[in-house]
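Scroll down for the structure; my scribbles are underneath it.
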Amino acid sequence: MNPGLLGLIAAIAWGVHDVIGARLSASLGAVKTATAVTVFGLFILSLWVAMTGEFPRAPAAQLWLPLISGVLLALATVWLFAAMTNGSVSLTLPIVMSYPATSLIFGAIAGRAPSSWQIAFAALVLGGVVAVAKTGEEQNGRGGNIKRAIGFALMSHFTFAIGNFVGQYAATIYGAIPATWISRIGGCAAILPLLLISTASPGKFPLKRLPFLVLMGGLDVLALSMLNLAGHTPQPELAIVTASAAGVFAIILVWLIFNEHIAPLRWFGIILTFAGVAALSATG
């Protein structure tokens, strides 16, 4: 299994997922959208597990690993949609999807110290993110919303990084699909109470939006399964790095389909961010 290829499949799935999510969360709200995606993802995975018999067989003592991963990823999804609700896709996604640079920290903690080249490329990613963030108020002219968008994007960034790191480790114990299934149970357990607390009408979803929410749930579990499958390869971090190209796909899609205006400085920051990510992938 090639971790880079697995990450690329995840990137395409998440890119489409994020574009749909940006539109739906603007009308449904971040928590409702994330809850629907998490629940439908669990339903789809449960059907798959029931048909294939891929139920978890590892000791229950380590169930906390995929469960914690699912909680973190559910929160990261809420914060991703909250960021895109307050700011544009081209502002928020480079911040969220630059988390492979952060994953170097976890690699160092696990005993895999980054090389000088990896540190340099991580700095390039950081420079691109700063450039994107600096264009926020100038391009959008909504200071308060932009600050919230950047704040939510940073929260999503760090929780995605930790959640995927833990999830890949859990996949080496339980297998890719079982680990993803368990994590989705943890995600639902965390996000459903949040839905009940945060909205007055938690059960009301427009029927015409349901097909898109189901599609997002399927794309999300497909992407997570690809990353967890890469946990069995010698370089699982490479899949996480490649998967962050989802931001590139999403930004190009909203630019082409929805004519989202992107200022030259933001394009420069986007290019810097994902060039650094691509360079990190090559050094993996």
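The values are calculated or read from the model by the stated rules, or taken from the named source; none is laboratory data. Nothing here was measured: the structure is a model prediction, and the numbers come from that model. Glycine also receives a Cβ, built like all others from the backbone with ideal geometry; neighbour counts cover every protein chain displayed. Just the protein is used for accessible areas: all its heavy atoms, side chains included, with ligands, DNA and RNA removed. Shrake-Rupley method; radii C 1.70, N 1.55, O 1.52, S 1.80 Å.
Tabulated values for the structure
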{"quantity": "Any hit, segment 7-26, residues being surrounded by fewer than 23 Cβ atoms within 10 Å (Cβ to Cβ) and outside any helix (DSSP H, G or I)", "calculated": "no"}
{"quantity": "Conditions (1) modelled with pLDDT of 90 or more; (2) closer than 17 Å to Ala223 by Cβ: number failed by Ser46", "calculated": "(2)"}
{"quantity": "Of all residues in segment 230-242 being open to solvent by 30 Å² or more (accessible area, probe 1.4 Å) and outside any helix (DSSP H, G or I), the one that is modelled with the highest pLDDT", "calculated": "Pro234"}
{"quantity": "Within segment 45-78, tally of residues that are open to solvent by less than 60 Å² (accessible area, probe 1.4 Å) and in a helix (DSSP H, G or I)", "calculated": "15"}
{"quantity": "Contacts under 8 angstrom Cβ, first residue in segment 49-66 being of a type in the set (A, V, I, L, M), partner open to solvent by less than 80 Å² (accessible area, probe 1.4 Å) and part of a loop (DSSP other than H, G, I, E, B), 6 or more apart", "calculated": "Leu63/Pro56"}
{"quantity": "Residue check, Arg209 basic (Lys, Arg), surrounded by 15 or more Cβ atoms within 10 Å (Cβ to Cβ), in a helix (DSSP H, G or I) and in contact with a Gly (Cβ under 9 Å, 6 or more places away or on another chain)", "calculated": "no"}
{"quantity": "Residues located in segment 243-284, provided they are at pLDDT below 75 and of a type in the set (Val, Ile, Thr)", "calculated": "Val277, Thr283"}
{"quantity": "Residues of segment 246-280 classified as closer than 30 Å to Leu45 by Cα, open to solvent by 30 Å² or more (accessible area, probe 1.4 Å) and touching a residue at least 40 places away in the same chain (Cβ under 8 Å), total", "calculated": "3"}
{"quantity": "Subset tally (residues that are closer than 21 Å to Ile271 by Cβ, in a helix (DSSP H, G or I) and in contact (Cβ under 8 Å) with a residue 60 or more places away in the chain) for segment 81-102", "calculated": "13"}
{"quantity": "Criterion: buried (at least 20 other Cβ atoms within 10 Å of the Cβ) and at pLDDT 85 or above - qualifying residue of Ile173, Ile95, Ile185, Ile146", "calculated": "Ile95"}
{"quantity": "Where a residue in segment 27-43 is farther than 16 Å from Met84 by Cα and its partner, wherever it lies, is of a type outside the set (A, V, I, L, M) and open to solvent by 40 Å² or more (accessible area, probe 1.4 Å), with Cβ under 8 Å and at least six apart", "calculated": "Ala36/Phe205; Leu42/Trp181"}
